[in-house]
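The values are calculated or read from the model by the stated rules, or taken from the named source; none is laboratory data. Predicted model, so just to flag it, every value in this text is computed and none were measured. Neighbour counts are summed over all protein chains in view; Cβ atoms, including those assigned to glycine, are modelled from backbone coordinates with ideal geometry. Calculation scope for accessible area: heavy atoms of the full protein, side chains included, ligands and nucleic acids excluded. Shrake-Rupley method; radii C 1.70, N 1.55, O 1.52, S 1.80 Å.
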Amino acid sequence: MSRVVAVITLVSLLLTGCVSREDVSGAREAPETVPLSELADLTLQVGDQKGGTESLLRAAGALDDLPYQVAFSTFTSGPPQVEAATAGKIDFAITGNTPPIFGAASNARIKVVSAYDGGGIGDQILVLADSPITSIDQLRGKSIAVGKGSSAHGHVLAQLDNAGLTPEDVKLVFLQPADALGAFTQRQADAWAIWDPYTAQTAEQLPVRSIGQARDVTNGYWFGVASDQALADPKRNTALADLLVRYEKAARWARDNPRQWAESYANAVGLDLEVAEVSQSRSVRLPTELDDEVVASEQEIADLFAESGQIASPAPEFENWVDRRFNETLRPLLLSDD
């Protein structure tokens, strides 16, 4: 058990600020592009979770010959990354589908600038193998450990709604992954809503069963989130466009070299190779078009959060937190075009 806790615990960036609730103006007008040769003095601040972004870029060689610098900061989940971007602590991060919705509800100074199809298979609701719970509808009156504002939070709401339940019918226990693991294994929570690689890691280390996966009830997308401050700055905006292209190329490499990617990821973040292979075979973030359909699917999740009382009603118009300025740049490399 100590090995599980040691691996699953991440270094969290401490944030002293909170997301403003004042009205904010979006960075919609893209500044003039700066030649890459003029970015030598720039350091792009990038958030990361469980090493997924940095390790992929490094494994694919996508950080070689950068005309600027990149500094990575590790976070336990998506919501703190949105807060950090609003506070100007980071310029960019990739999060699950729910953190941008919580950000929008708090008038976060961020924009969604890219989309990735994660499939939602690794985002699951787990119970211990000897639990009498076998389906979502049997969670009535039970406790569910989940990260507030995380993709798992959205997954839980969608599963409950699909089963005719509401958050009032269960007890949501808001915990970050390491604390949630402890509560779950000590039976202080009847179920645990969690995402990969934690899902794969827990399944290898503990006797558990899955009673639901996000693919069945929600969109399973990941999103690239940039701070308004970075989008308004000519140099950071230019560097971000370049980094997004590099990430697309890295995702293509990971798809075409699954074994090599799993080995690199396992070594980078301290996972068993089998866990890394399972996690990345179902949860690799494949670039997709940030289009009307994707935005509409996010609006549905936002509406569900508002209807269930998890955020203030009415739900924010998600489109107001979307900036498609990089779509044309990214479109030629989208994996869905293959």
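Screening the range 131-228 for strands (runs of 3 or more DSSP E) wholly inside it with 1 or more residues that are open to solvent by less than 20 Å² (accessible area, probe 1.4 Å) and under 30 Å from residue 90 (Cβ atoms) returns the ranges 143-146, 191-194, 221-227.
Would you confirm, using the coordinates I've provided, whether residue 310 is in the same structural domain as residue 108 (by the TED database) and touching a residue at least 60 places away in the same chain (Cβ under 8 Å)? Yes. On the given criteria, is residue 103 open to solvent by less than 10 Å² (accessible area, probe 1.4 Å), among the small types (Gly, Ala, Ser) and over 13 Å from residue 298 (Cβ atoms)? It is false that residue 103 is open to solvent by less than 10 Å² (accessible area, probe 1.4 Å), among the small types (Gly, Ala, Ser) and over 13 Å from residue 298 (Cβ atoms). Among the residues of the range 107-125, those identified as touching a helix residue (DSSP H, G or I) at 6+ places or on another chain (Cβ under 7 Å), farther than 16 Å from residue 151 by Cβ and part of a loop (DSSP other than H, G, I, E, B) are 108, 109.
Checking the condition basic (Lys, Arg), outside the structural domain of residue 199 (by the TED database) and open to solvent by less than 40 Å² (accessible area, probe 1.4 Å), which residue from 325, 285, 252 passes? It would help to see each step written out before you state the result.
Working: 325 fails: open to solvent by less than 40 Å² (accessible area, probe 1.4 Å); 252 fails: open to solvent by less than 40 Å² (accessible area, probe 1.4 Å).
None of the other options fit; the residue is 285.
Considering each of 180, 232 in turn, give the residue that is free of Cβ contacts under 8 Å to residues at least 60 places away in the same chain and within 30 Å of residue 113 (Cβ to Cβ). Result: 180 is the single residue among 180, 232 that is free of Cβ contacts under 8 Å to residues at least 60 places away in the same chain and within 30 Å of residue 113 (Cβ to Cβ).
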